[in-house]
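All of the numbers you see were taken from the coordinates with simple rules; none came from a lab. Source: prediction; values computed, not measured. Heads up, the Cβs are rebuilt from the backbone with ideal geometry, glycines too, and the neighbour counts pull from every protein chain shown.
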Amino acid sequence: MSESQSRYSIVERLTSNKIEIMSLKSNLKQEVKLSQQKVEKSQKGLENWKKDILEDNKREQRKRELEVEKAIQEAGNFKEMLSEREKVYDEQIKAIEDALKSIEEISKTSPTIQ
């Protein structure tokens, strides 16, 4: 019986080892699958990041283009105001010169009282 128990224990250990090895083998496949899923997830994340960066760049470019357009418009407005203000100042200068001429004419024709 001892021989039978010995064979039984050997078979039991071998069977146990076989099950353990099969389990490890199965885990390998699972680890490979998980690793592949991680790669796919990383690749998808990279692609999404690239798309986000492109969109961010487009938004930033549009924002800067609008700033340039606004600056151009403001410069045009200042130019227009400059011309209008120059006209007003020219008219004021002309009016002052006319007034000075009138005073000069009056001074020439009227005697000064001392």
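Annotations for the structure displayed:
- Candidate lysines for bridging to Lys87, where Cα separation is under 25 Å - those fewer than 8 sequence places away on the same chain excluded: Lys79, Lys101
- Approximate spin-label separation Asp98-Lys41, in nm, with each point projected 7 Å along Cα-to-Cβ: 8.5 nm
- Label sites at Gln30 and Val88, each approximated as a point 7 angstrom past Cα along Cα to Cβ, lie 8.4 nm apart.
- Directionally averaged projected area (convex hull, Cα atoms, the chain), nm²: 16.8 nm²
- Crossing angle, helix 2-109 versus the chain [Cα axis fit, 0-90 degrees, rounded to tens]: 0 degrees
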